[in-house]
Amino acid sequence: MPQAITDAASSGHDPATPHASTVVAIAQMLAEPGLVVITGAAGSGRTSLLKQIAQAFRGPVYTGGGLSMLRGNSGLALSRAVRAKMPVHDVALCAEAVRSRVRNGLLVIDDLQWCDPVTLAVLPHLAKHCRVVTALRTPHRLPEATVEALQQAATFHPAPPIDTAEAITLVHTLAPGLADSAVAALVRRAGGNLLVLSAMARSAQRQPSRISAPPSHASPAVHAIAEAIADLPRPERTALAALGLLGRPASVGMLGPGAHGLQQAHLVTIDNDVASPISPFTAEVAAGLLDPDARAALHRKLAELVDDLEAARHLAACGDTDAALARAKAAAALDNRARRAEALLFAVSLPGEHTEADRLAAAEAALAVGRPRSALKVLTGCESLPALILAGHAHLHAGDQARAESIVAALPEPASVSGDMAAEIDRIALLTAPTDSAALVHAVRQRHGNRPDNPGLAAALAAAEAAAKLPGWTASLAVAAATAGRSGDALSARWSAWLLVENLINDGNLTDAAVAAAAAARACTSDHAFSWQTRFLAAQLWCEVLAGQALDSVTDKAVALLDHALPSVARGYASAAASLAEADTGSLRNARYRLNQAGPVPESVAQLLRWVAGEAAWLDNQPQQAAGEVAATPSLVSGLGRITGYWAAHDGAVGVLGDDSDDGLPEAARATVAAWNAATSGGRGAFESAAAAWRDLVRREQVRCLLAAGVHAEGPGEAVPSLEEAERLADEAGLTVLAGRARQGLRKHHIRRDRRGRRAGDELTERERQVLAMVADGEPTRRIAGALGITRETVETHIRAGMRKLGAKTRTEAAVRAAAMSERGP
């Protein structure tokens, strides 16, 4: 009786497995006797596909294949399959010997590229009588006549690349702790190649820091791909190696005649005359196979075809330092500040001695695009006055105020120097001066006038006015930024814009701060000043999170920003924004983990992170951990920190209250602190008026003031309206945890929001499903209670009820069974 290949489902094969649809398609081709040749690049999953087809076949399966070291042994692949010696002296007789053994079974031959001529000649004869499926790696070295014979007798079916969703799932399975950005990078680099993706995922799980490292020669994936590359003609090998050295797509003209051959071998795609490697990893392997002389020659050839900066890198890679330096300096003549900084920094990083003038130029260019640490690196060992001033700016921009102040203290008096250096000394002195620097400002104006011609010095005077909060400081900083920008002083322009944003945030003027940050980020686009741009974007996200605007969207943007390598200030603001939004929307575990991973940041940003960490602890029903150091300088964040301290003390924390002074705080924070001071003194706090002050400023603080009004109200008549308004506003803004707090308050006044249906008997109620779903997510009882607005005892009651109904012995088992029931549906 003829056998057939079952579909994936009936054979027990998981349809979610890569290539499941291909198995079904080939099954249909082999419903009758025939020959199917599966083609694909090294590592594309051909062998895995053959195994899936064999497992799905209902009948005997005969499996064999070629061996690279024994390709001269005639009939070896057939003998391995049928377990018998073949009459290799006669092709027809050999075919009959195989047919008589296979009959209605399935013959599987892997690695046709290593099979002997007899095996390749027998296969077309078998196509008329047996079901045969084989795999052929591309590229290969089979004779054209052999390939033509196979094409006439067989159906060629390419092994499809693994799609993006399946690739992401595979990486998460092999490297479960990898960040989403790292997973995406691995998927892009593998280009749908199963073997490469699996090897890189396992390597990343062992060494996450080496995700972008060059391929290791010890990797099985590298060995398999290298064997395939060796079968390419020389022009194709050279073109693929060039793509590996370039690390980017390249024009067909640059790659030469081998580009179209790579397209036919399914190793590159060509779009608008630009060739892109399907798997960048494969191109890197091709580059790694070059011997040192060939590699240097290819680097030199590529240097003739690319721009100056890229050419400098290629020339440096092949050891031609002098030529690399010349091309790097030529690249520095560009108008683009980011490219200029990159070129100058690369030039001074080359081996050999570099003049102090070159190092100063590189440091100044690096500061202009927001790379203070790069500037400090190239200034190491420079002791001249201009170098010390630049080092002071670099430390200031990196957030190290103390180091900047120590450098300024060692500078000579401005009166003892002449020319522009006096203005530069005064400039850095003003920028590092404390808030009360009236005497220094007066001395500078005496030396340089009220409106200095030096745009950097004018910007520093505006910064001093902003620090002292003199009338009109906002306009002064905005004018200073615009003037410096028009004069070509990018450093002063962007630093002034940043001071404007930061001071507006500290004053609680979040709307204007977000607008200023967005405008400054757009201004950075033309120069590709990524470091400055990310700083402004992160500050804008922080403003939007506090305002309670589309928290899910803001979280996505902040997390996407954190996927990049960011300067410390930008990383701190983005971490604070993402963590606060996640905490407010109920993802407290993610928020607290992200805060722990924020890394070192300047003190001005560390204040934000400390408050967010305390706030997340309070939202997570751990008030004692909400105690944090409140910033000494009055600002919006210091006010928020004091408010969180009051809430933590209200919830039972001891020793979390500090200074109750409200001097210098923004108006809304001052009103809230005053209300708490009155309430804790036994009086009646004006929380309703404080809530009105937070309206259109910080939505979550408006909600907390209404919660406080409800908590401190004398009876239900006063408490319920405030709590209901808090619940409404929290639900509208997506403040899940605060909405739960409001519902907890309402329950104390016998107002319930959960709808009770008919008794469920042995079926789970909707609330039990909610609770068990959160248990499955790993949430503790306190967190579930806070998110759902119920007590911890009620949470435990729902868990026990779910365990009883599901016959589970533990809460974890109950959560797993409930999740399985939800997947199956009603």
Quick check on the stretch 365-399: of everything there that is surrounded by fewer than 17 Cβ atoms within 10 Å (Cβ to Cβ) and either in contact (Cβ under 8 Å) with a residue 12 or more places away in the chain or not hydroxyl-bearing (Ser, Thr, Tyr) (or both), which residue is farthest from SER496 (Cα to Cα)? GLY381
Test of understanding: among THR134, THR47, THR39, which residue is part of a helix (DSSP H, G or I), hydroxyl-bearing (Ser, Thr, Tyr) and in contact with a strand residue (DSSP E or B) (Cβ under 7 Å, 6 or more places away or on another chain)? THR47
Taking the stretch 475-507 as the region of interest, how many residues are within 29 Å of GLU667 (Cβ to Cβ) and either part of a helix (DSSP H, G or I) or among the basic types (Lys, Arg) (or both)? 20
Please go through the stretch 103-150 and give me each residue that is β-branched (Val, Ile, Thr) and in contact with a helix residue (DSSP H, G or I) (Cβ under 7 Å, 6 or more places away or on another chain), ordered by number. VAL108, ILE109, VAL118, THR119, VAL122, VAL132, VAL133, THR134, THR146
Please count how many residues of the stretch 53-84 are more than 23 Å from ALA121 (Cα to Cα) and either out of contact with any Ser or Thr (no Cβ under 7 Å at 6 or more places or on another chain) or among the acidic types (Asp, Glu) (or both). 4
Checked the stretch 498-534 for anything among the basic types (Lys, Arg) and at pLDDT 95 or above; matches are none
Helices (runs of 4 or more DSSP H) wholly in the stretch 270-342 with at least 1 residues that are more than 23 Å from PRO215 (Cβ to Cβ) and not aromatic (Phe, Trp, Tyr) - which ones? 292-303, 308-317, 321-331
Any idea which of GLY253, GLY244 is closer than 22 Å to SER44 by Cα and outside any loop (DSSP other than H, G, I, E, B)? GLY244
Helices (runs of 4 or more DSSP H) within the stretch 529-634 that include 2 or more residues buried (at least 24 other Cβ atoms within 10 Å of the Cβ), out of contact with any Lys or Arg (no Cβ under 6 Å at 6 or more places or on another chain) and outside the structural domain of ALA481 (by TED's automatic domain parsing): 603-619
Consider ALA333 against the criteria (1) in contact with a His (Cβ under 9 Å, 6 or more places away or on another chain); (2) free of Cβ contacts under 8 Å to residues at least 24 places away in the same chain; (3) closer than 25 Å to ALA521 by Cα; (4) not basic (Lys, Arg): it satisfies all of them except one. Which criterion is unmet? (1)
Tally the residues that are touching a residue at least 60 places away in the same chain (Cβ under 8 Å) and farther than 23 Å from MET69 by Cα, restricting the search to the stretch 104-149. 11
Hey, among PRO220, PRO214, which residue is closer than 18 Å to ALA283 by Cβ, exposed (fewer than 14 other Cβ atoms within 10 Å of the Cβ) and in contact with a helix residue (DSSP H, G or I) (Cβ under 7 Å, 6 or more places away or on another chain)? PRO214
When every residue in the stretch 780-826 that is in a loop (DSSP other than H, G, I, E, B) and either of a type in the set (A, V, I, L, M, F, W, C) or modelled with pLDDT of 80 or more (or both) is compared, the one surrounded by the fewest Cβ atoms within 10 Å (Cβ to Cβ) is THR810
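To keep it simple, each residue is scored yes or no on (1) within 17 Å of VAL545 (Cβ to Cβ); (2) basic (Lys, Arg); (3) without any contact (Cβ under 8 Å) to a residue 24 or more places away in the chain.
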site: GLU688; (1), (2), (3): no, no, no
site: ALA692; (1), (2), (3): no, no, yes
site: VAL703; (1), (2), (3): yes, no, no
site: LEU738; (1), (2), (3): yes, no, no
site: LEU746; (1), (2), (3): no, no, no
Residues of the stretch 53-65 being at pLDDT below 90 and out of contact with any strand residue (DSSP E or B) (no Cβ under 6 Å at 6 or more places or on another chain), in sequence order, are GLN55, ARG58, GLY59
Considering only residues of the stretch 523-546 that are under 22 Å from the mean Cα position of the chain (by Cα) and of a type in the set (D, E, K, R), which is farthest from ALA480 (Cα to Cα)? GLU544
Those helices (runs of 4 or more DSSP H) lying entirely in the stretch 405-474 with at least 2 residues in the same structural domain as ILE389 (by TED's automatic domain parsing), modelled with pLDDT of 90 or more and under 22 Å from ALA387 (Cβ atoms): 420-432, 455-467
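The values are calculated or read from the model by the stated rules, or taken from the named source; none is laboratory data. Here the structure is a predicted model, which means the values were calculated and not measured. Counting neighbours? That spans all protein chains shown, and the Cβs are built from the backbone with ideal geometry, glycine included.
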